[in-house]
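Following: one structure in C-alpha cells, then a few remarks.
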Amino acid sequence: MITGAGVVASDAPAFAAAVEERIASADGWLRDRRRAAWDAFTAMPLPSSQRDEDWRRTDISKLRLGSFAPGEAIDEDLIAAIRRRRDRAAANAALLVDAAPVTRIEQSDELTAAGVVLSPLDEAATLHPELVERVLASVGVGESAFVALWNAMWSGGAFIYVPHSVNASVPVWVAHSAAGDHAATFPATVVLLEDNASLTLVDDYLSAAGEEELFSDALTVVVAGRDARLDHCVLQQWGENVWHVALHRTVLAQNARLRMFGATLGARLQKAYWEVLLDGPGAEADISGVAFGDASQHLDHQSLQAHRAPQTTSRLKLKVAVRDRARSVYSGLIDVDRIAQQTDAYVQNRNLILSHGATADSVPRLEIRANDVRCGHGATAGHIDDDHRFYLMARGVSEADADRLIVRGFLDDALAHCPHQGFADLVGDLLDHELEGDAQAGVALVGA
C-alpha cells in the first residue's frame with residue numbers, strides 16, 4: 001500500500017483497495033494518471049480551516065474520510081424519482097444516471113443520428129482515449145486533495161462528445177446519485193464540444209431524503225472549442241447528512257460562450273468551485289445561481305473567472321437566502337492576465353438573512369494585471385426590508401405571505417438568467433417548498 005505525509009492508505013482501506021483495482025484495470029495514460037493521483041492524495045493533508053485560505057470559513061474537521069467506502073447500487077425508487085424530475089423539466093432530454101459502478105443511459109435518437117456520443121466515462125476512456133485525455137488535461141491530478149482523490153477513484157461516470165458544427169438538439173440530463181450509509185461517490189461528467197458545436201447539459205446531484213451520511217467528491221469538466229455554445233444547469237439536492245465537494249470547470253476557446261445556472265438546496269456541507277477559463281479571444285461566460293440554506297447547513301461557493309485572452313467577457317450573480325442556523329460562504333475571484341486587454345467582468349453576491357442565527361460571508365476579489373479593462377464586484381447581506389413588508393401588508397397580504405413573496409422575488413432575479421425554462425420551473429417549485437418550510441435536502445421517494 002502507498003503511504004505518505006497526508007492521508008495514508010491505512011486510514012482509508014476501502015479507498016486504497018478500490019484504487020488498486022482501478023489502477024490494475026486501466027491501461028496506458030489512465031493507469032499512470034490514477035497512480036499519480038493516488039500518490040498525490042496520500043502525500044498531502046486534507047484541507048484545513050486553520051491553514052488553507054480557500055477553506056478558512058469552512059471546517060471539515062468532523063469529516064471522517066476513512067469511515068466511507070464506495071457506495072452500493074441505488075434502488076429503482078430513486079431511479080424513478082430521477083426520471084420524474086427529468087420528465088418534469090425536460091421530457092425530451094437524454095438521460096444518463098451516474099451511480100457507480102453502473103452508468104445507465106437512455107439515449108436519444110436525435111443525438112445518435114447527429115453523431116453525439118453519450119457513454120460511461122470508463123467506457124469512453126477505452127474506446128475514445130484521445131478525446132477523454134484531451135478534456136482531462138484541463139485538470140491537474142494533484143490540484144488539491146479532493147481533486148487528486150477524484151482522479152484516483154472515479155468509476156462509471158458520464159462522457160459527452162459533440163462533433164464539429166453539431167447542435168445537440170435535445171438536452172442531456174446527467175443524474176448523479178448514491179445510496180447506503182457511509183457510501184462514497186465520485187460523480188464524473190466529462191464533455192468535449194468541438195468547434196461550432198452546442199449543447200444543453202444538466203448536472204443533477206441527488207439522494208433520497210433521510211439521515212444517511214454520504215460523501216460526494218464530484219467533478220465536471222468541459223472543453224468548448226471555437227464558437228461552441230454550452231448551456232449548463234446544475235442542481236444540488238443531496239440529503240441532509242451529505243458532505244459534497246465539487247469542481248465545475250469550463251474551458252472556453254475563441255468566441256465560445258457559456259451560460260451556467262446553479263441551484264444549491266441540499267447537503268450538510270458543500271464546497272463547490274465554479275470556474276470558467278476564458279482562453280480564447282471573444283469568449284463569454286454568464287454565470288448565475290441561487291442557494292437556500294436552512295437548519296444547520298453550510299453552503300460554500302467559490303468562483304473563478306480567469307481571463308487569459310483579450311476581449312473576453314464574464315458575469316457572475318449568486319443570490320442566497322439562509323435561515324435557522326444555516327451559513328453561506330462565497331468567495332469569488334476575477335483574475336485577468338497581462339495579455340487579456342479589454343476584459344469586461346463583474347461578480348456579485350447578494351445574501352438575504354431570514355433568521356437571527358443564520359450568517360452569510362462574502363469575499364469577492366479582483367486580481368488584474370492588464371491596464372485596459374472594465375472589472376468590478378459587489379456584495380451585500382441584509383434582512384427583509386420592513387418597507388417592502390409594510391407595502392404588501394397594507395394591501396391585504398399576510399406577514400408570512402409577504403415575506404415569501406419578497407424572498408421569492410429576491411431569488412427570481414438570478415433564476416431569470418437560467419438558460420433552460422423547464423429547469424428554471426423545477427427549481428422555482430423547489431424554492432416554493434423551501435419558503436413554505438418544507439426543506440428540500442434530498443428527494444422524497446414514491447413507493448419506498
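The values are calculated or read from the model by the stated rules, or taken from the named source; none is laboratory data. Treat the numbers as computed from the prediction; the structure is a model and nothing was measured. In this analysis, Cβ positions are derived from the backbone assuming ideal geometry, glycine residues included, and neighbour counts consider all displayed protein chains.
The table that follows gives values for the structure above.
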{"read-out": "Close pairs (8 angstrom Cβ cut-off, 6 or more residues apart or separate chains): closer than 17 Å to Glu76 by Cβ in the stretch 199-210, among the basic types (Lys, Arg) and surrounded by fewer than 24 Cβ atoms within 10 Å (Cβ to Cβ) anywhere", "value": "Leu206/Arg85"}
{"read-out": "Residues of the stretch 109-134 classified as surrounded by fewer than 21 Cβ atoms within 10 Å (Cβ to Cβ) and among the aliphatic types (A, V, I, L, M), total", "value": "5"}
{"read-out": "Filtered residues of the stretch 182-233 (kept if farther than 30 Å from Ala12 by Cα and part of a loop (DSSP other than H, G, I, E, B))", "value": "Glu194, Asp195, Asn196, Ala197, Gly225, Arg226, Asp227, Ala228"}
{"read-out": "Identity of the residue in the stretch 144-181, surrounded by fewer than 24 Cβ atoms within 10 Å (Cβ to Cβ) and modelled with pLDDT under 95, that ends up farthest from Tyr205 (Cα to Cα)", "value": "Ser169"}
{"read-out": "Candidate set: the stretch 234-258, residues that are of a type outside the set (Gly, Ala, Ser) and part of a loop (DSSP other than H, G, I, E, B); chosen: the one nearest to Leu316 (Cα to Cα)", "value": "Asn255"}
{"read-out": "Any hit, the stretch 287-304, residues being farther than 22 Å from Arg259 by Cα, surrounded by fewer than 22 Cβ atoms within 10 Å (Cβ to Cβ), at pLDDT 95 or above and hydroxyl-bearing (Ser, Thr, Tyr)", "value": "yes"}
{"read-out": "Residue within the stretch 120-139 that is in a strand (DSSP E or B), hydrophobic (A, V, I, L, M, F, W, C) and within 18 Å of the chain's Cα centre (by Cα) present", "value": "no"}
{"read-out": "Selection count where residues are in a helix (DSSP H, G or I) and touching a residue at least 24 places away in the same chain (Cβ under 8 Å), scope the stretch 41-61", "value": "4"}
{"read-out": "Odd one out for Arg408, checked against (1) touching a helix residue (DSSP H, G or I) at 6+ places or on another chain (Cβ under 9 Å); (2) under 23 Å from Ala80 (Cα atoms); (3) not in a loop (DSSP other than H, G, I, E, B)", "value": "(2)"}
{"read-out": "Subset of the stretch 194-217 (residues that are farther than 26 Å from Met153 by Cβ and acidic (Asp, Glu))", "value": "Glu194, Asp195"}
{"read-out": "Count - residues of the stretch 208-229 that are at pLDDT below 95 and crowded, with 24+ Cβ neighbours inside 10 Å", "value": "0"}
{"read-out": "Only one of Val320, Val329, Val276 that is assigned to a strand (DSSP E or B), modelled with pLDDT of 95 or more and over 26 Å from Ala439 (Cβ atoms)", "value": "Val276"}
{"read-out": "Flag for Ala424 being assigned to a strand (DSSP E or B) and of a type in the set (Gly, Ala, Ser)", "value": "no"}
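Every residue, every condition in (1) at positive phi; (2) out of contact with any Phe, Trp or Tyr (no Cβ under 8 Å at 6 or more places or on another chain); (3) of a type in the set (Val, Ile, Thr), yes or no:
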{"residue": "Val202", "(1), (2), (3)": "no, no, yes"}
{"residue": "Thr220", "(1), (2), (3)": "no, yes, yes"}
{"residue": "Ala228", "(1), (2), (3)": "no, yes, no"}
{"residue": "Ala246", "(1), (2), (3)": "no, no, no"}
